[in-house]
1. Restricting to the range 6-41, name every residue that is outside any strand (DSSP E or B), of a type in the set (A, V, I, L, M) and under 20 Å from Val103 (Cβ atoms).
2. Could you list, in sequence order, the residues of the range 42-74 that are of a type in the set (Lys, Arg) and not in a strand (DSSP E or B)?
3. When the residues of the range 107-123 are narrowed to those that are assigned to a loop (DSSP other than H, G, I, E, B) and touching a Leu at 6+ places or on another chain (Cβ under 9 Å), which ends up most open to solvent (accessible area, probe 1.4 Å)?
4. Out of the residues in the range 75-101 meeting the condition of being among the hydrophobic types (A, V, I, L, M, F, W, C) and part of a strand (DSSP E or B), tell me which one is most open to solvent (accessible area, probe 1.4 Å).
5. What number of residues within the range 1-50 satisfy the criterion of being β-branched (Val, Ile, Thr) and under 18 Å from Ala91 (Cβ atoms)?
6. Could we say that Ser104 is among the hydroxyl-bearing types (Ser, Thr, Tyr), more than 18 Å from Gln2 (Cβ to Cβ) and either assigned to a strand (DSSP E or B) or without any contact (Cβ under 8 Å) to a residue 40 or more places away in the chain (or both) here?
7. Can you tell which of Ser29, Ser56 is open to solvent by 30 Å² or more (accessible area, probe 1.4 Å), over 30 Å from Ser123 (Cβ atoms) and modelled with pLDDT of 95 or more?
8. Identify all residues within the range 10-49 that are in contact (Cβ under 8 Å) with a residue 60 or more places away in the chain and on the phi > 0 side of the Ramachandran plot; write none if there are none.
Amino acid sequence: VQLQACGGGLVQAGGSLRLSCAASGRTFSSDAMGWFRQAPGKEREFVASINWNGGSTSYANSVKGRFTISRDNAKNTLYLQMNSLKPEDTAVYYCAGTGRSWVSEKLNEYEYWGQGTLVTVSS
C-alpha cells in the first residue's frame, strides 16, 4: 500500500487544519491506521489511531479533545481533523498503516508509511 498525505500548512494558534491520507495499491479497509508526528530534533510520536471500521479510536493525551481521526474506506482515505492548534503541534505529520485490525499506539507495529506533511502553527 502506498500512502500520500496532504493538507499541511501554516496556521495561527487556535486555528484548524484537516489532513488527508490517500491509499493506493490495494484497499486498506482491513487495516488499523494511524497518525504520527515528528517535531525538529525530536523522536516520532504517536498522535491517533483508528481501527479497521472506524469503530474504535485512540489519541495521545496531548491532542485528546482537539484532534479527530476518521476514515472513509470507500474512498481509501484517512483523515485527521485538528482544531485549537497550538505552536507545540508544529511537526511533520505522517500517516501509517498496520497489518492488523485493532488500534495501536506503537510505532513499530506500523508496516507502511506516507511521506509526511508539514504543519506549522504560529503563535
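1. First, the residues of the range 6-41 that are outside any strand (DSSP E or B): 7-8, 13-16, 25-32, 39-41.
Applying the additional criterion that residues be of a type in the set (A, V, I, L, M) yields 13, 32, 39.
Answer for the range 6-41, where residues must be outside any strand (DSSP E or B), of a type in the set (A, V, I, L, M) and under 20 Å from Val103 (Cβ atoms): just Ala32.
2. Restricting attention to the range 42-74, the residues satisfying the condition of being of a type in the set (Lys, Arg) are 42, 44, 64, 66, 71.
Those that are of a type in the set (Lys, Arg) and not in a strand (DSSP E or B): Lys42, Arg44, Lys64, Arg66.
3. Start the filter on the range 107-123 by keeping residues that are assigned to a loop (DSSP other than H, G, I, E, B), which leaves 114-116, 123.
Cutting the leftovers down to touching a Leu at 6+ places or on another chain (Cβ under 9 Å) gives us 114-115.
Details: Gly114: 11, Gln115: 90 Å².
Step by step, filter the range 107-123, then rank; the result is Gln115.
4. Within the range 75-101, the first condition is being among the hydrophobic types (A, V, I, L, M, F, W, C), and the residues that meet it are 78, 80, 82, 85, 91-92, 95-96.
Restricting the remaining residues to those that are part of a strand (DSSP E or B) gives 78, 80, 82, 91-92, 95-96.
Values: Leu78: 0, Leu80: 0, Met82: 0, Ala91: 2, Val92: 41, Cys95: 0, Ala96: 0 Å².
If we take residues in the range 75-101 being among the hydrophobic types (A, V, I, L, M, F, W, C) and part of a strand (DSSP E or B), then Val92 is most open to solvent (accessible area, probe 1.4 Å).
5. The first filter runs over the range 1-50 and keeps only residues β-branched (Val, Ile, Thr), leaving 1, 11, 27, 47, 50.
After this cut, where a residue has to be under 18 Å from Ala91 (Cβ atoms) as well, the list is 11, 47.
Here the count works out to 2.
6. Details: among the hydroxyl-bearing types (Ser, Thr, Tyr): yes; more than 18 Å from Gln2 (Cβ to Cβ): yes; either assigned to a strand (DSSP E or B) or without any contact (Cβ under 8 Å) to a residue 40 or more places away in the chain (or both): no.
So Ser104 does not fit the description; no.
7. Numbers: Ser29 fails: modelled with pLDDT of 95 or more.
Every option except Ser56 fails the conditions.
8. Selection gives Gly14 alone.
The values are calculated or read from the model by the stated rules, or taken from the named source; none is laboratory data. All of these numbers come straight from a predicted model, not from anything done at the bench. Heads up, the Cβs are rebuilt from the backbone with ideal geometry, glycines too, and the neighbour counts pull from every protein chain shown. The accessibility values were calculated without ligands, DNA or RNA, using every heavy atom of the protein model including side chains. Shrake-Rupley method; radii C 1.70, N 1.55, O 1.52, S 1.80 Å.
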